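The values are calculated or read from the model by the stated rules, or taken from the named source; none is laboratory data. None of these values were measured; they are calculated from a predicted model. Note that we place each Cβ from the backbone using ideal geometry, even for glycine, and neighbour counts take in every protein chain shown.
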Ligand SMILES: NC(=O)c1ccc[n+]([C@@H]2O[C@H](COP(=O)([O-])OP(=O)(O)OC[C@H]3O[C@@H](n4cnc5c(N)ncnc54)[C@H](OP(=O)(O)O)[C@@H]3O)[C@@H](O)[C@H]2O)c1
């Protein structure tokens with residue numbers, strides 16, 4: 001797999017993946033123009049300043065750059081990115097359609113398979129809550145794969161793309177709870193945020209509007225959690 005960008009979120013994701021053995025460091029390429037920072041280098045992944053080198057070696061390519069950089073980062077991998085590569089973007093506020101346009105026409109006329117993920121800051125300590133949405137050509141297998149990757153830094157829930165901006169607004173919320181141990185698949189929590197203490201009926205999700213029933217549906221739970229967390233890190 002490859003990661004374009006070697007900053008905070010790239011480091012958090014790769015640290016989780018490598019430390020949990022989800023991927024082998026030797027199979028990961030990571031790039032940034034000034035050279036990956038020390039924490040990434042210490043993970044033992046392959047590093048370069050050349051985005052195209054990362055793209056050509058990737059079956060899964062994660063864009064972990066600032067939103068205003070994404071267009072030029074996409075330009076830099078054109079011609080190197082394989083049409084079969086699954087593209088993942090964590091760049092806040094950039095839609096899947098925009099990302100697809102930035103990537104341009106894939107070779108062979110195959111549309112890009114794109115998944116957008118919005119982790120939050122506690123992902124850096126494995127306590128994240130990531131919202132994820134699928135592009136129109138992403139497959140169920142792609143969804144499963146990316147879920148497993150981001151479960152290395154916390155919990156993951158699939159949401160509609162329209163809800164990603166809510167996740168973005170809460171990307172710097174505190175951790176949602178203590179880390180879980182055991183298999184990756186067991187790390188998805190179904191604990192509602194700050195449940196009222198009394199009856200079962202009062203355990204409805206505190207999020208307003210269409211998210212009210214989120215506690216009975218994991219698909220919406222992350223977005224409900226993110227919207228329901230008022231506190232922010234300093
Ligand atoms: N940090 C979080 O908790 C968090 C949570 C959710 C989403 N995100 C999203 O993740 C993205 C990255 O955030 P961040 O906090 O990781 O930022 P960051 O620490 O500033 O890292 C950005 C990285 O992008 C690299 N870069 C800049 N231009 C590039 C280019 N043309 N090609 C390849 N790499 C390039 C930088 O390399 P140089 O140092 O060499 O310039 C740096 O390694 C943002 O879009 C943000 O919205 C972050």
- [ ] With respect to residue 44, determine if the residue is within 21 Å of residue 127 (Cα to Cα) and surrounded by fewer than 24 Cβ atoms within 10 Å (Cβ to Cβ).
- [x] no
Open item on the list: So, in the stretch 107-124, how many residues would count as being in contact with a helix residue (DSSP H, G or I) (Cβ under 9 Å, 6 or more places away or on another chain) and assigned to a loop (DSSP other than H, G, I, E, B)?
Closed with: 4
Open item on the list: When the residues of the stretch 125-160 are narrowed to those that are crowded, with 18+ Cβ neighbours inside 10 Å and assigned to a loop (DSSP other than H, G, I, E, B), which ends up modelled with the lowest pLDDT?
Closed with: 126
Open item on the list: Suppose we keep only residues that are within 13 Å of the ligand (Cβ to nearest atom), touching a residue at least 40 places away in the same chain (Cβ under 8 Å) and part of a strand (DSSP E or B) within the stretch 34-83. Which one would you say is farthest from the chain's Cα centre (by Cα)?
Closed with: 47
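Mind listing whichever residues of the stretch 11-33 are touching a helix residue (DSSP H, G or I) at 6+ places or on another chain (Cβ under 7 Å), in a helix (DSSP H, G or I) and modelled with pLDDT of 95 or more? Quick ask: steps written out before the conclusion?
Start the filter on the stretch 11-33 by keeping residues that are touching a helix residue (DSSP H, G or I) at 6+ places or on another chain (Cβ under 7 Å), which leaves 11-14, 16-18, 20, 22-23, 25, 28-31.
Now restrict to residues that are in a helix (DSSP H, G or I): 11-14, 16-18, 25.
Selection gives 25 alone.
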- [ ] Answer yes if at least one residue in the stretch 127-150 is farther than 20 Å from residue 22 by Cβ, within 13 Å of the ligand (Cβ to nearest atom) and within 11 Å of the chain's Cα centre (by Cα), and no otherwise.
- [x] no
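Determine, yes or no, whether residue 31 is assigned by TED's automatic domain parsing to the domain that holds residue 93 and either under 25 Å from residue 139 (Cβ atoms) or surrounded by fewer than 23 Cβ atoms within 10 Å (Cβ to Cβ) (or both).
Considered against the rule, which asks whether it is assigned by TED's automatic domain parsing to the domain that holds residue 93 and either under 25 Å from residue 139 (Cβ atoms) or surrounded by fewer than 23 Cβ atoms within 10 Å (Cβ to Cβ) (or both), residue 31 comes out as no.
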Open item on the list: Quick check on the stretch 88-106. Is at least one of its residues under 20 Å from the mean Cα position of the chain (by Cα), surrounded by fewer than 23 Cβ atoms within 10 Å (Cβ to Cβ), near the ligand (Cβ under 8 Å from one of its atoms) and outside any loop (DSSP other than H, G, I, E, B)?
Closed with: no
TODO: Please verify whether the stretch 1-9 includes one or more residues that are in contact (Cβ under 8 Å) with a residue 40 or more places away in the chain, away from the ligand (no atom under 13 Å from the Cβ) and either crowded, with 19+ Cβ neighbours inside 10 Å or more than 21 Å from residue 96 (Cβ to Cβ) (or both).
DONE: yes
